[in-house]
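In what follows, a single structure is set out as C-alpha coordinates and then discussed.
The values are calculated or read from the model by the stated rules, or taken from the named source; none is laboratory data. Quantities reported herein were computed from a predicted structural model and do not represent experimental measurements. Methodologically, a virtual Cβ is constructed for each residue, glycine included, from the backbone with ideal geometry; neighbour enumeration extends over all protein chains shown. The area values use the complete protein model at the heavy-atom level, side chains included, leaving out ligands, DNA and RNA. Shrake-Rupley method; radii C 1.70, N 1.55, O 1.52, S 1.80 Å.
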Amino acid sequence: MSVSHQLGARAIAARVQSGELRASDVAQAHLQRIRELDPQLHAFVELWPERALQSAAAIDRAQRSGQTLGPLAGVPVAIKDNLLCQGQISACGSKMLERFVSPYTATAVARLEQLGAILLGRTNMDEFGMGSSTERSAFGPTRNPWQMSHVPGGSSGGSAAAVAADFCPLALGSDTGGSVRQPAAMCGVTGLKPTYGRVSRSGLVAYASSLDCVGVIGRAIEDVALGLQIAGDDERDSTCAKRTVPNYLQELDGRKDLRGIRVGIVREFEEATGDEGIKLAVRTAQEQLRACGGTIVEVALPSVKHAVATYYLLASTEASSNLARYDGVRYGHRTAHTRRLDELYEQSRSEGFGAEVQLRILLGTFALQKGYQDQIYGQATRVRAMLAADFAYAFTQCDVLASATSPMPSFALGSKLQDPIAMYWCDALTVPASLAGLPALSLPCGFAVERLPAGLQLTAPKFAESLLLQVGSVFQQQTNWHLQRPLS
Ligand code: GLN
(Lines give C-alpha, C1' and ligand atoms only; values in the text may rest on other atoms or scores of the structure.)
Protein backbone atom coordinates (compact mmCIF):
# COMPACT_ATOMS: atom_id res chain seq x y z
CA MET A 1 0.00 0.00 0.00
CA SER A 2 1.34 3.47 -0.80
CA VAL A 3 2.19 5.59 2.21
CA SER A 4 1.56 9.31 2.36
CA HIS A 5 4.48 11.18 3.85
CA GLN A 6 1.97 13.69 5.15
CA LEU A 7 0.49 11.26 7.68
CA GLY A 8 1.04 12.31 11.29
CA ALA A 9 2.49 10.12 14.02
CA ARG A 10 -0.88 9.34 15.56
CA ALA A 11 -2.36 8.31 12.22
CA ILE A 12 0.62 6.13 11.30
CA ALA A 13 0.60 4.33 14.65
CA ALA A 14 -3.16 3.69 14.42
CA ARG A 15 -2.80 2.19 10.93
CA VAL A 16 0.20 0.08 11.86
CA GLN A 17 -1.62 -1.20 14.93
CA SER A 18 -4.68 -2.19 12.90
CA GLY A 19 -2.58 -3.82 10.17
CA GLU A 20 -3.77 -1.35 7.54
CA LEU A 21 -0.15 -0.19 7.02
CA ARG A 22 3.08 -2.10 7.42
CA ALA A 23 5.80 -0.36 9.46
CA SER A 24 8.32 -1.53 6.84
CA ASP A 25 6.45 0.29 4.05
CA VAL A 26 6.21 3.42 6.17
CA ALA A 27 9.95 3.37 6.85
CA GLN A 28 10.76 2.69 3.19
CA ALA A 29 8.57 5.52 1.97
CA HIS A 30 10.15 8.03 4.33
CA LEU A 31 13.69 6.88 3.58
CA GLN A 32 12.93 7.22 -0.11
CA ARG A 33 11.68 10.77 0.31
CA ILE A 34 14.77 11.70 2.32
CA ARG A 35 17.07 10.27 -0.34
CA GLU A 36 15.30 12.31 -2.99
CA LEU A 37 15.08 15.66 -1.22
CA ASP A 38 17.69 15.77 1.51
CA PRO A 39 20.71 16.28 -0.74
CA GLN A 40 19.51 19.91 -1.15
CA LEU A 41 18.31 20.40 2.42
CA HIS A 42 20.90 18.55 4.51
CA ALA A 43 18.61 17.96 7.47
CA PHE A 44 20.25 14.59 8.17
CA VAL A 45 23.91 14.03 8.92
CA GLU A 46 23.45 10.27 8.65
CA LEU A 47 20.65 7.86 7.80
CA TRP A 48 20.36 4.45 9.44
CA PRO A 49 18.36 2.51 6.82
CA GLU A 50 19.35 -0.97 7.98
CA ARG A 51 18.59 -0.28 11.60
CA ALA A 52 15.29 1.38 10.64
CA LEU A 53 14.14 -1.47 8.41
CA GLN A 54 15.07 -4.08 11.00
CA SER A 55 13.09 -2.30 13.72
CA ALA A 56 10.17 -1.86 11.33
CA ALA A 57 10.22 -5.57 10.45
CA ALA A 58 10.15 -6.42 14.17
CA ILE A 59 7.10 -4.18 14.64
CA ASP A 60 5.37 -5.89 11.69
CA ARG A 61 6.09 -9.35 13.15
CA ALA A 62 4.73 -8.28 16.53
CA GLN A 63 1.61 -6.96 14.82
CA ARG A 64 1.04 -10.21 12.92
CA SER A 65 1.43 -12.27 16.07
CA GLY A 66 -1.27 -10.19 17.76
CA GLN A 67 0.89 -8.39 20.31
CA THR A 68 -0.19 -5.00 21.63
CA LEU A 69 1.91 -2.33 19.96
CA GLY A 70 3.11 0.94 21.47
CA PRO A 71 1.48 4.33 20.84
CA LEU A 72 4.26 5.24 18.36
CA ALA A 73 4.27 1.88 16.57
CA GLY A 74 6.01 2.21 13.23
CA VAL A 75 6.39 6.01 13.45
CA PRO A 76 9.59 7.19 11.76
CA VAL A 77 11.53 9.63 13.93
CA ALA A 78 14.78 11.55 13.63
CA ILE A 79 17.09 12.36 16.50
CA LYS A 80 19.45 15.28 16.95
CA ASP A 81 23.13 14.47 16.63
CA ASN A 82 23.73 15.09 20.37
CA LEU A 83 21.52 12.24 21.60
CA LEU A 84 23.34 8.97 22.04
CA CYS A 85 22.22 5.83 20.27
CA GLN A 86 24.28 2.77 21.08
CA GLY A 87 26.52 1.62 18.26
CA GLN A 88 25.91 4.76 16.19
CA ILE A 89 28.05 7.85 15.85
CA SER A 90 26.89 10.91 17.82
CA ALA A 91 29.02 13.81 16.63
CA CYS A 92 27.19 16.85 18.10
CA GLY A 93 27.83 18.67 14.84
CA SER A 94 31.53 18.70 15.75
CA LYS A 95 34.74 17.52 14.18
CA MET A 96 35.76 16.68 17.74
CA LEU A 97 33.27 13.79 17.87
CA GLU A 98 33.14 12.94 14.17
CA ARG A 99 34.03 9.31 14.87
CA PHE A 100 32.63 8.93 18.40
CA VAL A 101 30.54 5.76 18.67
CA SER A 102 27.95 5.89 21.45
CA PRO A 103 28.48 3.27 24.15
CA TYR A 104 24.85 3.45 25.34
CA THR A 105 21.51 4.91 24.32
CA ALA A 106 20.02 8.15 25.69
CA THR A 107 16.98 7.51 27.87
CA ALA A 108 14.81 9.75 25.67
CA VAL A 109 15.79 7.75 22.59
CA ALA A 110 15.39 4.38 24.32
CA ARG A 111 11.89 5.38 25.44
CA LEU A 112 10.94 6.44 21.92
CA GLU A 113 11.94 2.99 20.73
CA GLN A 114 9.99 1.33 23.55
CA LEU A 115 6.94 3.27 22.40
CA GLY A 116 7.42 1.67 18.98
CA ALA A 117 9.15 4.47 17.05
CA ILE A 118 11.59 3.72 14.22
CA LEU A 119 14.84 5.71 14.28
CA LEU A 120 15.68 6.96 10.79
CA GLY A 121 18.98 8.68 11.55
CA ARG A 122 20.64 11.68 13.16
CA THR A 123 20.01 15.30 12.26
CA ASN A 124 22.28 18.29 11.78
CA MET A 125 22.90 20.86 14.49
CA ASP A 126 25.11 23.76 15.51
CA GLU A 127 28.25 22.40 17.10
CA PHE A 128 27.45 21.27 20.67
CA GLY A 129 24.17 23.21 20.44
CA MET A 130 25.92 26.57 20.23
CA GLY A 131 24.14 28.57 17.58
CA SER A 132 20.79 29.74 16.30
CA SER A 133 21.03 28.85 12.61
CA THR A 134 22.62 25.38 12.19
CA GLU A 135 25.39 27.12 10.25
CA ARG A 136 27.85 26.28 13.03
CA SER A 137 27.79 22.59 12.19
CA ALA A 138 31.16 21.14 11.19
CA PHE A 139 29.25 19.22 8.49
CA GLY A 140 27.84 22.20 6.62
CA PRO A 141 24.56 24.07 7.07
CA THR A 142 20.96 22.86 6.76
CA ARG A 143 18.59 24.83 4.58
CA ASN A 144 15.09 26.00 5.39
CA PRO A 145 12.52 23.94 3.40
CA TRP A 146 10.36 27.06 3.03
CA GLN A 147 13.18 29.08 1.48
CA MET A 148 16.32 27.25 0.46
CA SER A 149 18.49 30.38 0.63
CA HIS A 150 17.59 30.75 4.33
CA VAL A 151 18.58 29.09 7.60
CA PRO A 152 16.25 26.67 9.41
CA GLY A 153 17.08 28.23 12.81
CA GLY A 154 19.05 26.34 15.37
CA SER A 155 20.55 24.62 17.00
CA SER A 156 18.08 21.76 16.28
CA GLY A 157 17.70 23.01 12.70
CA GLY A 158 18.13 19.54 11.20
CA SER A 159 15.27 18.09 13.26
CA ALA A 160 12.94 21.02 12.53
CA ALA A 161 13.72 21.00 8.80
CA ALA A 162 13.21 17.21 8.67
CA VAL A 163 9.72 17.52 10.16
CA ALA A 164 8.84 20.52 7.96
CA ALA A 165 9.96 18.63 4.83
CA ASP A 166 7.79 15.62 5.75
CA PHE A 167 10.84 13.38 6.22
CA CYS A 168 9.32 12.21 9.50
CA PRO A 169 6.32 13.33 11.54
CA LEU A 170 8.32 13.56 14.76
CA ALA A 171 11.87 14.39 15.81
CA LEU A 172 13.83 14.95 18.99
CA GLY A 173 15.89 18.05 19.57
CA SER A 174 17.49 19.67 22.57
CA ASP A 175 16.76 23.11 23.94
CA THR A 176 19.22 24.95 26.16
CA GLY A 177 18.17 28.50 25.29
CA GLY A 178 15.64 27.99 22.50
CA SER A 179 17.09 25.36 20.21
CA VAL A 180 13.83 23.43 19.82
CA ARG A 181 11.42 26.36 19.79
CA GLN A 182 13.31 28.77 17.56
CA PRO A 183 13.97 26.35 14.65
CA ALA A 184 10.40 25.06 15.01
CA ALA A 185 9.22 28.65 14.57
CA MET A 186 11.47 29.32 11.59
CA CYS A 187 10.45 26.07 9.87
CA GLY A 188 6.72 26.40 10.56
CA VAL A 189 6.40 23.33 12.80
CA THR A 190 5.48 22.71 16.45
CA GLY A 191 8.20 22.36 19.09
CA LEU A 192 8.02 21.82 22.83
CA LYS A 193 10.70 22.47 25.40
CA PRO A 194 9.47 20.69 28.52
CA THR A 195 10.05 21.80 32.12
CA TYR A 196 13.68 21.36 33.14
CA GLY A 197 13.85 17.82 34.56
CA ARG A 198 10.66 16.54 32.88
CA VAL A 199 12.62 14.44 30.36
CA SER A 200 15.82 12.64 31.31
CA ARG A 201 19.09 14.15 30.13
CA SER A 202 20.92 10.83 30.37
CA GLY A 203 22.68 10.37 27.04
CA LEU A 204 22.14 13.97 25.92
CA VAL A 205 25.64 15.35 25.39
CA ALA A 206 26.01 18.16 27.92
CA TYR A 207 26.21 21.77 26.78
CA ALA A 208 24.97 23.76 29.80
CA SER A 209 23.67 21.25 32.32
CA SER A 210 21.41 23.55 34.34
CA LEU A 211 19.57 24.56 31.16
CA ASP A 212 19.66 21.53 28.81
CA CYS A 213 16.31 19.88 28.01
CA VAL A 214 15.33 17.23 25.48
CA GLY A 215 12.42 18.52 23.41
CA VAL A 216 9.95 17.21 20.85
CA ILE A 217 9.23 18.57 17.36
CA GLY A 218 6.20 17.56 15.29
CA ARG A 219 3.69 19.09 12.92
CA ALA A 220 0.52 18.74 14.98
CA ILE A 221 0.15 19.16 18.73
CA GLU A 222 -1.27 15.65 19.11
CA ASP A 223 1.98 14.21 17.76
CA VAL A 224 4.06 16.32 20.11
CA ALA A 225 1.83 15.11 22.97
CA LEU A 226 2.50 11.51 21.92
CA GLY A 227 6.23 12.19 21.71
CA LEU A 228 6.31 13.73 25.18
CA GLN A 229 5.42 10.32 26.54
CA ILE A 230 9.24 9.86 26.83
CA ALA A 231 9.03 12.00 30.00
CA GLY A 232 9.46 10.68 33.51
CA ASP A 233 11.89 9.80 36.25
CA ASP A 234 15.15 8.12 35.38
CA GLU A 235 17.68 6.70 37.81
CA ARG A 236 20.45 7.78 35.43
CA ASP A 237 19.64 11.49 35.81
CA SER A 238 19.43 12.84 39.34
CA THR A 239 17.88 16.11 38.10
CA CYS A 240 14.97 14.24 36.53
CA ALA A 241 11.62 14.93 38.21
CA LYS A 242 10.06 12.09 40.16
CA ARG A 243 6.55 13.08 39.14
CA THR A 244 4.08 10.83 37.45
CA VAL A 245 3.67 11.39 33.72
CA PRO A 246 0.12 12.10 32.56
CA ASN A 247 -1.21 10.65 29.35
CA TYR A 248 -0.67 13.87 27.42
CA LEU A 249 -2.65 12.80 24.39
CA GLN A 250 -5.71 11.82 26.43
CA GLU A 251 -5.53 15.07 28.36
CA LEU A 252 -5.82 17.01 25.11
CA ASP A 253 -9.44 15.96 24.88
CA GLY A 254 -10.13 17.65 28.20
CA ARG A 255 -10.41 21.10 26.65
CA LYS A 256 -12.46 22.30 23.70
CA ASP A 257 -12.07 26.07 24.14
CA LEU A 258 -10.12 28.54 26.25
CA ARG A 259 -12.88 29.68 28.59
CA GLY A 260 -11.36 30.34 32.00
CA ILE A 261 -7.82 30.63 30.65
CA ARG A 262 -6.00 33.92 31.26
CA VAL A 263 -3.50 34.62 28.49
CA GLY A 264 -0.67 36.94 29.53
CA ILE A 265 0.89 39.33 27.05
CA VAL A 266 4.36 40.40 28.15
CA ARG A 267 5.11 44.06 27.51
CA GLU A 268 8.88 43.49 27.33
CA PHE A 269 8.45 40.66 24.83
CA GLU A 270 6.36 42.88 22.57
CA GLU A 271 9.05 45.54 22.64
CA ALA A 272 11.75 43.02 21.80
CA THR A 273 9.87 41.74 18.74
CA GLY A 274 11.40 43.91 16.04
CA ASP A 275 10.02 42.41 12.84
CA GLU A 276 6.71 43.90 11.70
CA GLY A 277 5.54 40.73 9.97
CA ILE A 278 6.16 38.62 13.07
CA LYS A 279 4.44 41.25 15.23
CA LEU A 280 1.33 41.18 13.08
CA ALA A 281 1.16 37.37 12.96
CA VAL A 282 1.56 37.13 16.74
CA ARG A 283 -1.03 39.84 17.44
CA THR A 284 -3.48 38.01 15.21
CA ALA A 285 -2.72 34.78 17.07
CA GLN A 286 -3.30 36.45 20.44
CA GLU A 287 -6.59 37.75 19.11
CA GLN A 288 -7.50 34.20 18.05
CA LEU A 289 -6.76 32.92 21.56
CA ARG A 290 -9.23 35.51 22.81
CA ALA A 291 -11.78 34.50 20.21
CA CYS A 292 -11.47 30.92 21.55
CA GLY A 293 -12.63 32.14 24.97
CA GLY A 294 -9.33 33.19 26.58
CA THR A 295 -9.02 36.39 28.60
CA ILE A 296 -6.11 38.63 27.67
CA VAL A 297 -4.17 40.27 30.50
CA GLU A 298 -1.04 42.40 30.33
CA VAL A 299 1.86 41.33 32.51
CA ALA A 300 5.43 42.54 33.04
CA LEU A 301 8.74 40.68 33.30
CA PRO A 302 11.11 43.54 34.14
CA SER A 303 14.27 41.39 34.39
CA VAL A 304 13.81 40.05 30.88
CA LYS A 305 16.00 42.83 29.49
CA HIS A 306 18.99 41.12 31.12
CA ALA A 307 18.07 37.62 29.96
CA VAL A 308 20.28 37.37 26.85
CA ALA A 309 23.41 38.58 28.67
CA THR A 310 22.69 36.33 31.65
CA TYR A 311 22.01 33.30 29.49
CA TYR A 312 25.14 33.64 27.36
CA LEU A 313 27.27 34.15 30.43
CA LEU A 314 25.87 31.18 32.35
CA ALA A 315 25.68 28.87 29.33
CA SER A 316 29.29 29.66 28.45
CA THR A 317 30.56 29.01 31.98
CA GLU A 318 28.82 25.64 32.09
CA ALA A 319 30.02 24.82 28.58
CA SER A 320 33.62 25.65 29.47
CA SER A 321 33.42 23.14 32.28
CA ASN A 322 31.46 20.46 30.36
CA LEU A 323 33.67 20.64 27.28
CA ALA A 324 36.88 20.27 29.29
CA ARG A 325 36.49 16.51 28.86
CA TYR A 326 37.39 16.72 25.17
CA ASP A 327 41.12 16.68 25.71
CA GLY A 328 42.24 14.43 22.88
CA VAL A 329 42.98 11.68 25.38
CA ARG A 330 39.66 10.33 26.61
CA TYR A 331 37.25 11.48 23.94
CA GLY A 332 37.20 12.51 20.37
CA HIS A 333 39.68 14.04 18.02
CA ARG A 334 43.39 13.68 18.79
CA THR A 335 45.96 15.71 16.92
CA ALA A 336 48.55 13.85 14.88
CA HIS A 337 51.03 16.68 15.11
CA THR A 338 52.67 16.42 18.49
CA ARG A 339 54.12 14.01 21.03
CA ARG A 340 54.06 16.45 23.95
CA LEU A 341 51.16 16.24 26.40
CA ASP A 342 50.50 19.98 26.83
CA GLU A 343 50.58 20.48 23.08
CA LEU A 344 48.37 17.46 22.61
CA TYR A 345 45.58 19.12 24.63
CA GLU A 346 46.01 22.43 22.91
CA GLN A 347 46.29 21.11 19.37
CA SER A 348 43.51 18.57 19.69
CA ARG A 349 41.10 21.20 21.02
CA SER A 350 42.16 23.80 18.46
CA GLU A 351 41.65 21.36 15.61
CA GLY A 352 38.51 19.68 16.96
CA PHE A 353 36.41 22.69 18.03
CA GLY A 354 35.00 25.32 15.70
CA ALA A 355 35.40 29.06 16.27
CA GLU A 356 32.12 29.68 18.11
CA VAL A 357 32.74 26.83 20.56
CA GLN A 358 36.24 28.13 21.25
CA LEU A 359 34.83 31.63 21.80
CA ARG A 360 32.34 30.33 24.36
CA ILE A 361 34.96 28.24 26.18
CA LEU A 362 37.20 31.30 26.47
CA LEU A 363 34.36 33.50 27.67
CA GLY A 364 33.18 30.89 30.18
CA THR A 365 36.67 30.21 31.52
CA PHE A 366 37.26 33.93 31.90
CA ALA A 367 34.03 34.41 33.86
CA LEU A 368 34.90 31.59 36.25
CA GLN A 369 38.40 32.89 37.04
CA LYS A 370 39.20 33.39 40.67
CA GLY A 371 38.42 36.96 41.59
CA TYR A 372 35.77 37.39 38.89
CA GLN A 373 33.54 34.61 40.05
CA ASP A 374 31.27 36.61 42.30
CA GLN A 375 31.36 39.70 40.18
CA ILE A 376 30.33 37.92 36.99
CA TYR A 377 29.03 34.40 37.61
CA GLY A 378 27.45 35.23 40.97
CA GLN A 379 25.75 38.28 39.51
CA ALA A 380 24.32 36.23 36.65
CA THR A 381 22.88 33.62 39.02
CA ARG A 382 21.20 36.43 40.98
CA VAL A 383 19.64 37.86 37.82
CA ARG A 384 18.48 34.34 36.96
CA ALA A 385 16.69 34.14 40.33
CA MET A 386 15.08 37.54 39.75
CA LEU A 387 13.81 36.41 36.40
CA ALA A 388 12.28 33.27 37.91
CA ALA A 389 10.59 35.47 40.51
CA ASP A 390 9.22 37.75 37.75
CA PHE A 391 7.69 34.72 36.02
CA ALA A 392 6.24 33.42 39.31
CA TYR A 393 4.58 36.78 39.88
CA ALA A 394 3.27 36.93 36.30
CA PHE A 395 1.70 33.50 36.79
CA THR A 396 -0.36 34.83 39.70
CA GLN A 397 -2.06 37.02 37.07
CA CYS A 398 -2.33 34.62 34.15
CA ASP A 399 -2.19 30.92 33.22
CA VAL A 400 -0.06 31.02 30.08
CA LEU A 401 2.05 33.66 28.36
CA ALA A 402 1.69 34.25 24.63
CA SER A 403 4.45 35.94 22.66
CA ALA A 404 6.52 35.53 19.52
CA THR A 405 9.01 32.66 19.64
CA SER A 406 11.68 34.45 17.66
CA PRO A 407 11.77 38.22 17.25
CA MET A 408 12.61 37.74 13.57
CA PRO A 409 11.83 35.26 10.82
CA SER A 410 14.49 33.05 9.23
CA PHE A 411 17.36 34.96 7.62
CA ALA A 412 19.63 34.34 4.63
CA LEU A 413 22.46 31.85 5.06
CA GLY A 414 25.65 33.66 6.02
CA SER A 415 23.95 36.95 6.90
CA LYS A 416 24.65 36.81 10.65
CA LEU A 417 27.78 34.68 10.75
CA GLN A 418 30.18 37.60 11.17
CA ASP A 419 28.21 39.10 14.03
CA PRO A 420 27.84 36.77 17.05
CA ILE A 421 25.86 39.34 19.05
CA ALA A 422 23.23 39.69 16.29
CA MET A 423 22.96 35.89 16.30
CA TYR A 424 22.49 35.87 20.10
CA TRP A 425 19.55 38.26 19.81
CA CYS A 426 17.59 35.57 17.95
CA ASP A 427 17.17 34.02 21.41
CA ALA A 428 15.84 37.09 23.20
CA LEU A 429 12.36 35.59 23.62
CA THR A 430 13.33 31.97 24.26
CA VAL A 431 16.12 32.20 26.85
CA PRO A 432 13.90 33.63 29.62
CA ALA A 433 11.87 30.40 29.97
CA SER A 434 15.11 28.40 29.82
CA LEU A 435 16.68 30.36 32.65
CA ALA A 436 13.53 29.86 34.74
CA GLY A 437 13.25 26.15 33.86
CA LEU A 438 9.72 26.61 32.48
CA PRO A 439 7.98 24.62 29.74
CA ALA A 440 7.37 26.51 26.50
CA LEU A 441 5.79 25.60 23.20
CA SER A 442 6.22 27.11 19.75
CA LEU A 443 3.36 26.85 17.24
CA PRO A 444 3.15 28.00 13.64
CA CYS A 445 0.98 31.14 13.52
CA GLY A 446 1.27 32.34 9.96
CA PHE A 447 4.01 34.03 7.98
CA ALA A 448 6.14 37.12 8.56
CA VAL A 449 6.30 37.49 4.79
CA GLU A 450 5.61 34.97 2.08
CA ARG A 451 7.32 31.63 2.80
CA LEU A 452 8.92 32.76 6.07
CA PRO A 453 6.93 31.25 8.96
CA ALA A 454 6.15 33.01 12.23
CA GLY A 455 6.00 31.18 15.57
CA LEU A 456 3.74 31.78 18.57
CA GLN A 457 5.37 30.89 21.88
CA LEU A 458 3.25 29.78 24.82
CA THR A 459 4.93 29.55 28.23
CA ALA A 460 3.44 28.01 31.37
CA PRO A 461 4.40 27.32 35.00
CA LYS A 462 6.60 24.31 35.73
CA PHE A 463 5.08 20.93 34.83
CA ALA A 464 2.05 22.50 33.14
CA GLU A 465 2.84 20.77 29.82
CA SER A 466 -0.72 19.44 29.60
CA LEU A 467 -2.12 22.95 29.79
CA LEU A 468 0.31 24.19 27.12
CA LEU A 469 -0.60 21.34 24.81
CA GLN A 470 -4.32 21.88 25.39
CA VAL A 471 -4.10 25.58 24.58
CA GLY A 472 -1.96 24.75 21.55
CA SER A 473 -4.45 22.16 20.39
CA VAL A 474 -7.40 24.56 20.61
CA PHE A 475 -5.34 27.08 18.62
CA GLN A 476 -4.45 24.55 15.94
CA GLN A 477 -8.05 23.46 15.53
CA GLN A 478 -8.95 27.07 14.81
CA THR A 479 -6.07 28.05 12.57
CA ASN A 480 -4.64 25.09 10.65
CA TRP A 481 -1.30 26.85 10.07
CA HIS A 482 0.40 23.58 10.99
CA LEU A 483 -1.14 21.89 7.95
CA GLN A 484 0.71 24.14 5.49
CA ARG A 485 3.59 22.41 3.75
CA PRO A 486 6.72 23.92 2.15
CA LEU A 487 7.34 21.05 -0.28
CA SER A 488 4.93 18.83 -2.15
N1 GLN B 1 21.23 29.77 20.43
C2 GLN B 1 21.47 29.47 21.81
C3 GLN B 1 22.95 29.21 22.02
O4 GLN B 1 23.68 29.28 21.09
C5 GLN B 1 20.62 28.33 22.27
C6 GLN B 1 21.13 27.05 21.84
C7 GLN B 1 20.42 25.88 22.44
O8 GLN B 1 19.32 25.98 22.95
N9 GLN B 1 21.11 24.75 22.40
O10 GLN B 1 23.39 28.94 23.09
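Taking every protein chain into account, the accessible area of the stretch 1-94 amounts to 42 square angstrom per residue (probe 1.4 Å). Taking packing as the residue-averaged number of other Cβ atoms within 10 angstrom, the listed peptides 375-384, 27-36, 227-236 run from highest to lowest as 227-236, 27-36, 375-384. Set against the 2.2 N^0.38 Å expectation for a compact globular protein, the stretch 114-231 has a Cα radius of gyration ratio of 0.96. Taking amide H positions as modeled 1.01 Å from N, with prolines and chain starts lacking one, the residues under 5 Å from Leu438 and 5 or more places away or on another chain are Tyr196.
Peptides 93-104, 304-315 ranked from most to least packed by the mean count of surrounding Cβ atoms within 10 Å: 304-315, 93-104.
When shorter helices are ignored and each DSSP H run of at least 4 residues is given -39500 (n - 2.57), the per-residue value for the chain at 222 nm works out to -11500 deg cm²/dmol.
Counting only protein heavy atoms and a 1.4 Å probe, the stretch 267-330 has 44 square angstrom of accessible area per residue.
The alpha-carbon of Lys370 sits under 16 angstrom from the alpha-carbons of these aspartates and glutamates, leaving out residues fewer than 8 places away in its chain: Glu318. For the stretch 261-276, the Karplus equation 6.51 cos²θ - 1.76 cosθ + 1.60, evaluated at θ = phi - 60°, returns couplings of 9, 9, 9, x, 9, 8, 3, 5, 5, 4, 5, 7, 8, x, 6, 5 Hz by residue, with Gly and Pro reported as x. What is the stretch 1-131 by shape, rounded, prolate or oblate, if you read a ≥ b ≥ c off the alpha carbon gyration tensor as root eigenvalues and call it rounded for a/c under 1.5, prolate for a/b larger than b/c, and oblate otherwise? It comes out prolate by the Cα gyration axes. Within the same chain, lysines fewer than 8 places from Lys80 are excluded, and of the rest, those with a Cα less than 29 Å from its Cα are Lys95, Lys193, Lys242, Lys416, Lys462. Take the stretch 364-488, drop everything but the C-alpha atoms, weight them equally and run the Debye formula without solvent; then report log10 I(q)/I(0) at 0.11, 0.13, 0.18 Å⁻¹ to two decimals. One equal scatterer on each Cα of the stretch 364-488 leads to -0.53, -0.71, -1.08. Surface composition of the chain: carbon and sulfur atoms hold 50% of the protein heavy-atom accessible area at a 1.4 Å probe.
Karplus-derived 3J(HN,Hα) values for the stretch 210-220, using 6.51 cos²θ - 1.76 cosθ + 1.60 with θ = phi - 60°, are 7, 10, 4, 9, 7, x, 10, 10, x, 8, 9 Hz; glycine and proline are entered as x.
For a quick check: with amide H placed at 1.01 Å from N, whose amide H comes under 5 Å from Thr105's, ignoring anything fewer than 5 positions away on the same chain? Long-range HN contacts for Thr105: Gln86.
Oblate is the label for the stretch 181-247, because the ratio a/c of its alpha-carbon gyration tensor axes (a ≥ b ≥ c) is 1.5 or higher and a/b is not greater than b/c. Annotation: per residue accessible area for the stretch 120-215 equals 11 Å², rounded to a whole number [probe 1.4 Å, protein chains only].
The alpha carbon gyration tensor of the stretch 74-167 gives principal lengths a ≥ b ≥ c with a/c of 1.5 or higher and a/b no greater than b/c, which makes the shape oblate.
Accessible area per residue (1.4 Å probe, heavy atoms of protein chains only) ranks Met423, Met408 as Met408, Met423, with the largest value leading. A viscosity of 0.890 mPa s and a temperature of 25 °C, combined with the Kirkwood radius over C-alpha pairs in the Stokes-Einstein formula, give the stretch 427-488 a diffusion coefficient of 191 µm²/s. If you take all other residues with their beta carbon under 13 Å from the beta carbon of Gln470, and give Lys and Arg +1 and Asp and Glu -1, the sum is -3. The DSSP beta bridges internal to the chain are antiparallel in roughly 65% of cases. Sorting Trp425, Trp146 by solvent-accessible area of protein heavy atoms yields Trp425, Trp146, largest first, with a 1.4 Å probe. Backbone phi angles across the stretch 159-176, fed through the Karplus curve with coefficients 6.51, -1.76 and 1.60 (θ = phi - 60°), yield HN-Hα couplings of 5, 5, 5, 4, 5, 4, 7, 6, 7, 6, x, 8, 8, 9, x, 10, 9, 9 Hz in residue order; Gly and Pro are listed as x.
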